[in-house]
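Participant: Pasting a structure below so you can have a look.
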Amino acid sequence: MSSAEQRINELREELNRHNHAYYVDNAPTISDYDYDMLMKELEKLESEHPELDDPLSPTHRVGSDITKGFQQVTHARPMLSLGNTYSIEEVDDWIKRCNDMLGNSSGLKSVPIVGEMKFDGTSISLIYEKGRLVRAVTRGDGEKGDDVTENVKTIRSIPLVLSGEGYPESFEIRGEIVLPWRAFDKLNEERAFNEEPLFANPRNAAAGTLKLQNSAEVSRRGLDAYFYYLLADELPCQTHYDNMVKAREWGFKVSSQMTLMDSIDEVDSFIRRLDIERKELPVATDGLVFKVNDLRQQLNLGFTSKSPRWAIAYKFAAERALTRLRFVSFEVGRMGIITPVANLEPVLLSGTIVKRASLHNEDIVKSLDIHEHDMLYVEKGGEIIPKITGVDVDAREQGSSPIKFVTTCPDCGTKLIRIPGEASWQCPNKYGCRHQIIGRLEHFVGRHAMDIEGVGEENAALLFDAGLVKNIADFYTLKAPELEMLERVGPRTAARILEGVEASKSVPFDRVVYSLSIPFVGETVARKLARGVKNMDTLMAMTREQLVAIDDIGPKIADAIIEYFSVSSNREIIDCMRDAGVQMALPEEDESNRTDLLSGKTIVISGVFSRHSREEYKMMIENNGGKNSGSISKKTNFVLAGDNMGPSKLEKARSLGVPIINEDEFLAMLG
Ligand code: IVH
């Protein structure tokens, strides 16, 4: 063996060891820097000796950009599902059934049972030959699935080459691919930033990620995997538990909650303990799985057509609590929409105290048939937002009447109107209703609007009630002494508010348009309007026809804009803001920067950029005669992509054959 070959082998082994310590044991044995140095050394040696390349070398974990479809592979043994139980009693019954069928009559002692977590991800089957990963296949329809080997190879906690010894020459191991909570949250944050649809839960995110066509993106998202089932013609041990311990030695991540038990009592306390412990786990779980430990006993119990008789799943109940309704409040938003809210006797749910839950609209209140002081079931949908899911009708007080939706505004008493075609009621008193005004003031100072630091939600109401700020223009006449007279406002807060007001005068025109709270004019529409009209005077003078001629402005938005500027007080507000120095136009354009290099081209921007901001790129596209569009279609000429381009956009671009260029290429294009 040459010295290069020897060193390559050493490095591969060493890196695999560190990988395992880091990703499986959560106990790094080397600094990131030293790890990178070893990796670099291996990369260099491998590139100098292409004849020694190995597709399973740790250097191949990085993933490639090559796009390919997935091949269908038939499972050697079908991938079955598990029977479900939802209560301790059902689990106990299953244990008794197993004992009966196996002829165990020793009373208190059960045949040995293994309990483990039920990981909530997507199942995977891995095939190893001579200790090396050869194939990874999804469950598919149970008979055949997709070959996702390239993607699976990027999952750092999956051993590509096994360590230890005693593994069968050829075997299959099944497990669950999961996206840990932290990676899930990060992914959704990025998707929100890119205005892409969010994943509802880590299971969907894991399944979606595993099927991506771009293994580099898979690698980046941070999947993980836990293993729970070993299959081979000849297994090393005669029990499930011992086989899993072996798998752990070979490098697989096996749930540390795995527990061997031999009585119903132990199983029951295991369920109670894990239902609490699971909340601390880094990954989502939706229950527990119980398995008969002895493989001969498993064989005796056999399978039904759908699932093994020797295993059963116990599903955790969705976190639900029962609590009394104190009253329903009706809350007015800045656009006048009335939202009914259930105010509850405080109750503990998934670790937080719940006192309020939105009932959304009249239709939902009616369909739940909620009566005054009812006992309500509260669940945490997606574990975040509490939701009322039902009423305990048996606990209803005699003679209590159904909740009636208000007919007049709870704030200003104006008769409500129902928006045609929608489930919401609205207070039409736009300019006189305190809640709507305060809502608009809060919106105005918000981070995405004028970003006036120092005025939070509470302060907006305080300023309004003190008569200092009656409309958004009044922020520009505030003085320190009058602010300091307010309760809770000292010289420092006053100074901060005034600084924030001053700084808001340089907020760009599109955000000024957004800050006005014109119905249907969100951030994107405001930007389009600002670009389309260039200044406030033009916007105020536009006809319906002129407005709908602007990209993406429909009749509904056009009507709302016209209605807004038809109100004289709104025009006065704009005048005051103009006098105060607020931006009422896009900046004067430097004509020398204008070209028609991109004339007729439709361009989609996606991802995070380093040389210019997204906004600047949008401006450049428009200054050079191009059109910026939000979604990829056949009409898209190219995608300007930064880092972390949204995967759905990437797939769409690829499938339509739309070229993707990076920022350097784009800048070069503009010379
Ligand atoms: S054993 C033949 N053990 O749950 C039995 N499955 O509902 C093979 N799952 O398709 C499955 N954690 O995707 C087993 N500890 C665990 C599990 C587990 C999650 C998933 C798996 C399976 C599904 C069945």
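The values are calculated or read from the model by the stated rules, or taken from the named source; none is laboratory data. Nothing here was measured: the structure is a model prediction, and the numbers come from that model. Backbone-built Cβ (ideal geometry, glycine too); neighbour counts: all protein chains shown. Remember, those area values only see protein heavy atoms, side chains included, never the ligands or the DNA or RNA. Shrake-Rupley method; radii C 1.70, N 1.55, O 1.52, S 1.80 Å.
Participant: Once the convex hull of the C-alpha atoms of the stretch 287-423 is built, how many Å³ does it hold per residue, rounded to a whole number?
Facilitator: Working: hull volume 24.5 nm³, N = 137.
It comes to 179 Å³ per residue, whole-number rounded.
Participant: Whole angstrom only: what separates the Cα centroid of the stretch 147-196 from the Cα centroid of the stretch 17-36?
Facilitator: Here the answer is 17 Å between Cα centres.
Participant: Additional query: Which three extents, in angstrom, do the Cα atoms of the stretch 441-563 have along their principal axes, listed largest first?
Facilitator: Result, largest extent first: 50, 24, 20 Å.
Participant: My understanding is that a pair violates if its Cα-Cα distance is over 25 Å; which of Lys246/Lys279; Lys387/Lys470; Lys153/Lys253; Lys186/Lys528; Lys556/Lys627 do that in this structure?
Facilitator: Numbers: Lys246/Lys279 28 Å; Lys387/Lys470 35 Å; Lys153/Lys253 15 Å; Lys186/Lys528 29 Å; Lys556/Lys627 23 Å.
Violating the 25 Å limit, Cα to Cα: Lys246/Lys279; Lys387/Lys470; Lys186/Lys528.
Participant: Lys109: which lysines have alpha carbons under 22 Å from its alpha carbon, excluding same-chain residues fewer than 8 sequence positions away?
Facilitator: Counting by Cα, and skipping residues close in sequence, Lys109 has these lysines nearby: Lys96, Lys291.
Participant: Report relative contact order for the chain in percent, whole number only (criteria: Cα-Cα under 8 Å, sequence separation at least 6). List each step's numbers first, then the result.
Facilitator: Working: 1135 pairs, mean separation 61.1, N = 671.
The normalised contact order for the chain reaches 9 percent.
Participant: Could I ask something else about it? If N is the number of residues in the stretch 143-263, what value comes out of its Cα radius of gyration divided by 2.2 N^0.38 Å? Show your work: numbers first, answer last.
Facilitator: On the way: Rg = 16.6 Å, N = 121, 2.2 N^0.38 = 13.6 Å.
Normalised Rg, Cα atoms only: 1.22.
Participant: Report the label-to-label distance for Ile562 and Glu189 in nanometres (one decimal), using points 7 Å from each Cα along the Cα→Cβ vector.
Facilitator: Result for the modelled spin labels: 4.5 nm.
Participant: Positive end of the charge dipole of the stretch 124-278 (Lys, Arg +1 and Asp, Glu -1 on Cβ, about the Cα centre): tell me which of Ala216, Met258, Ile276 has its Cα farthest that way.
Facilitator: Positive-most Cα among the choices belongs to Ala216.
Participant: Here's a follow-up. For the chain, with every protein chain kept in place, what is the accessible area per residue (1.4 Å probe, Å²)? Could the numbers behind the result be given before it?
Facilitator: Details: 33520 Å² over 671 residues.
Averaged over the residues of the chain, the accessible area is 50 Å².
Participant: To the nearest 20 debye, what charge dipole does the chain have about its Cα centre, counting +1 at the Cβ of each Lys and Arg and -1 at the Cβ of each Asp and Glu?
Facilitator: With only Lys, Arg, Asp and Glu charged at Cβ, the dipole is about 1400 debye.
Participant: Rank Trp181, Trp425 by accessible area, highest first, at a 1.4 Å probe radius? Each step should come with its number before you reach the end.
Facilitator: Numbers: Trp181 85, Trp425 65 Å².
Largest accessible area first, the residues go Trp181, Trp425.
Participant: Rounded to whole Å, give me the distance from the Cα center of the stretch 532-560 to that of the stretch 393-431.
Facilitator: 34 Å
Participant: Can you list the cysteines of the chain that have no other Cys Cβ under 4.7 Å away?
Facilitator: Flagged as lacking a Cys partner: Cys98, Cys237, Cys576.
Participant: Could you work out what % of the accessible surface of the stretch 522-600 is carbon and sulfur, using a 1.4 angstrom probe and leaving DNA, RNA and ligands out of the count? Working shown, then result.
Facilitator: On the way: 2060 of 4290 Å².
Carbon and sulfur together cover 48 percent of it.
Participant: Another question about this same structure. Quick one: if you stick a label point 7 Å off each Cα along the C-beta vector at Asn9 and Ser263, how many nm between them?
Facilitator: With each label point 7 Å from Cα toward Cβ, the separation is 5.3 nm.
Participant: Before rounding to the nearest 500, sum -39500 (n - 2.57) across all DSSP H runs of length at least 4 in the chain and divide by the residue total; then give [θ] at 222 nm in deg cm²/dmol.
Facilitator: Numbers: 24 runs with 245 residues, N = 671.
Roughly -11000 deg cm²/dmol at 222 nm, from the helical runs in the chain.
Participant: Relative contact order, percent, of the stretch 470-620 when contacts are C-alpha pairs under 8 Å separated by at least 6 residues?
Facilitator: Working: 110 pairs, mean separation 37.2, N = 151.
The normalised contact order for the stretch 470-620 reaches 25 percent.
Participant: While we're here: Once the stretch 21-155 is represented by equal point scatterers at the alpha-carbon sites, with solvent omitted, what log10 I(q)/I(0) does the Debye formula produce at q = 0.12, 0.17, 0.18, 0.19 Å⁻¹?
Facilitator: Taking Cα atoms of the stretch 21-155 as identical point scatterers yields -0.78, -1.11, -1.17, -1.22.
Participant: If you don't mind, another one. What is the helix-to-structure angle for 3-23, meaning the angle in degrees between its Cα long axis and the longest Cα principal axis of the chain, kept from 0 to 90 and rounded to the nearest 10?
Facilitator: Rounded to the nearest ten degrees, it is 60.
Participant: Separate question: For the chain, compute Rh as the Kirkwood radius over C-alpha pairs and then the Stokes-Einstein diffusion coefficient at 20 °C and 1.002 mPa s; write the answer in µm²/s, rounded to an integer. The partial results should precede the final answer.
Facilitator: Values: Rh = 30.3 Å.
So the translational diffusion coefficient is about 71 µm²/s.
Participant: If I compute solvent accessible area with a 1.4 Å probe over the protein chains, what percent of it on the stretch 394-441 is carbon and sulfur?
Facilitator: On the way: 1450 of 2780 Å².
Carbon and sulfur together cover 52 percent of it.
Participant: Now, a different point. Tell me, how many Å apart are the Cα centres for the stretch 627-671 and for the stretch 572-620?
Facilitator: 20 Å
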